[in-house]
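The structure under discussion appears below in the form of structure tokens.
The values are calculated or read from the model by the stated rules, or taken from the named source; none is laboratory data. This one's a predicted model, so the numbers in the text were calculated from it and none came from an experiment. Cβ placement follows ideal geometry from the backbone for every residue including glycine, while neighbour counts extend to all protein chains displayed.
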Amino acid sequence: MSTPFLTTVVGSLPKPPWLLEQLHMNAAGGKQVHGRGADWMLEGNALKQAQDDAVRLAVRDQERSGIDIVSDGEQRRKSWLTYVTMQLGGFDYDNLVEKVTRAGRRTADVGQCVGPVECIRPILIDDLEFVQSETNLPAKITLPGPLSVIDSTYDAYYGDERTCGLAVAAALNGVAKHLDTLNPAVIQFDEPAFSRYPEKVKEWGIEAIERCIDGLTSKTAVHICYSYPMPGVPRPIVDSYPVILKELEGSSVDQLALEFELSGLDPELLKLCPSKTVMFGCISNGSDDVEDPAQIAKKLITAARYMPADQIMAAPDCGLVPVSQKASRAKLRAMVEGAEIARHKIGT
């Protein structure tokens, strides 16, 4: 990077009501999150065409907002995680199992690992090619990270968490290597579970991420947040970032996507990862309230006290799928405006 405060998204954007059933993430006690998910409003070829149009809309929204590095908004995914894991060998989503996830934060119906986890065919290739064909802007692609996959599934095969996690990582590396041939701007691994299990990050989480990114030529990223906010579900902000960032600083990952807005974490934490580019979370997915661009600029400038501004990107805390389309558009515009103000104030 050479431009301070470039703007990007974490991955997901809200889906139109004509595309996907509009369910709260904690509908039926939160059990739809890691299981089958909400239902599509269409089927067959009509669904494919609708998904194509939803991606086009998500890309145009980002372009109009002024986002520098875009995604497809994950418009083809019922779930950020199961969309990928259901296409890997070794997982059974026909027979779900109840499991406590995210260190006790919620109970979910999850798929089972019932055999060797494998990348049995290229996946997400069509998704990435489509978004690249729809924009001249750099496009990123997201994958779930191994620790979050392990926390969001039930192991009925390996009998050892680390062994299962490293098998998942090897399979994700296979997926990523296929995507790498298309030269995406970033291949990002989403690891909300990192924030809940800092000791597991030290024990095998970083090892698994290294296996995920082995041999990739594209820029790589890890996204760490405290999971989607859900009405009625506690979302404790535990003091895990200091441990996580120290571990990630020693890794080969290029970029970190970190939550600072809704969590209220201190930007001084950036001192713990001086070699990384950071997607600095400065807009929240916790409500439809739109942030003030001047305040966004102030937060970015504060962050630049602890890390060079050209290593800082403006980004949402997490995916914006929990908010409305109207709010998502307004939040992205506010973020871009805030980044422009910050850039001007530091004289670049």
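Taken together, the residues in the stretch 223-255 that are under 14 Å from Glu210 (Cα atoms) and either at pLDDT below 95 or not small (Gly, Ala, Ser) (or both) amount to 6.
Remark: pairs (first residue in the stretch 169-193, free of Cβ contacts under 8 Å to residues at least 40 places away in the same chain; second residue buried (at least 19 other Cβ atoms within 10 Å of the Cβ); Cβ separation under 6 Å; 6+ apart in sequence or on different chains) = Asp180/Ser218. Annotation note: Cβ proximity below 9 Å between a residue of the stretch 323-348 that is part of a helix (DSSP H, G or I) and a residue that is buried (at least 19 other Cβ atoms within 10 Å of the Cβ) and among the aromatic types (Phe, Trp, Tyr) (sequence gap 6+ or interchain) occurs for Gly338/Phe5; Ala339/Phe5; Glu340/Phe5; Ala342/Phe5; Arg343/Phe5. Selection over the stretch 34-74 of residues that are in contact (Cβ under 8 Å) with a residue 24 or more places away in the chain, part of a helix (DSSP H, G or I) and of a type in the set (Gly, Ala, Ser) gives a count of 4. Here is a check on your reading of the model: is Glu268 modelled with pLDDT of 95 or more, crowded, with 16+ Cβ neighbours inside 10 Å and more than 14 Å from Leu6 (Cα to Cα)? Answer is no for this residue.
If you check Phe280 against the conditions, is it closer than 18 Å to Ser65 by Cβ, among the aromatic types (Phe, Trp, Tyr) and either assigned to a strand (DSSP E or B) or under 19 Å from the mean Cα position of the chain (by Cα) (or both)? For Phe280, the condition - closer than 18 Å to Ser65 by Cβ, among the aromatic types (Phe, Trp, Tyr) and either assigned to a strand (DSSP E or B) or under 19 Å from the mean Cα position of the chain (by Cα) (or both) - is met.
From the list Ala28, Ala108, Ala38, Ala50, the one residue that fits, being at pLDDT below 95 and out of contact with any strand residue (DSSP E or B) (no Cβ under 7 Å at 6 or more places or on another chain), is Ala28.
Only one of (1) more than 27 Å from Ile224 (Cβ to Cβ); (2) out of contact with any helix residue (DSSP H, G or I) (no Cβ under 8 Å at 6 or more places or on another chain); (3) among the basic types (Lys, Arg) is not met by Arg56, so which one is it? Failing condition for Arg56: (2).
Picking from residues in the stretch 175-198 that are among the aromatic types (Phe, Trp, Tyr) and touching a helix residue (DSSP H, G or I) at 6+ places or on another chain (Cβ under 6 Å), the one that is nearest to Val100 (Cα to Cα) is Phe194.
Hey, could you check the stretch 271-299 for residues that are closer than 21 Å to Ser227 by Cβ and of a type in the set (A, V, I, L, M) and say which is surrounded by the fewest Cβ atoms within 10 Å (Cβ to Cβ)? Applying the filter and picking the extreme gives Val278.
When the residues of the stretch 111-123 are filtered to those that are of a type outside the set (Gly, Ala, Ser) and crowded, with 23+ Cβ neighbours inside 10 Å, the one that is farthest from Asp180 (Cα to Cα) is Cys113.
The strands (runs of 3 or more DSSP E) located wholly in the stretch 75-167 that include 2 or more residues which are free of Cβ contacts under 8 Å to residues at least 24 places away in the same chain occupy 89-101.
Filtering the stretch 92-107 to residues that are among the hydrophobic types (A, V, I, L, M, F, W, C) and more than 23 Å from Val201 (Cα to Cα) leaves Leu96, Val97. For the stretch 56-75, the set of residues classified as surrounded by fewer than 23 Cβ atoms within 10 Å (Cβ to Cβ) and over 16 Å from Ala339 (Cα atoms) consists of Arg56, Leu57, Arg60, Asp61, listed by residue number. Report the residue count in the stretch 133-160 for those that are more than 20 Å from Ala221 (Cβ to Cβ) and either crowded, with 24+ Cβ neighbours inside 10 Å or in contact with a helix residue (DSSP H, G or I) (Cβ under 6 Å, 6 or more places away or on another chain) (or both). Qualifying residue count for the region: 4.
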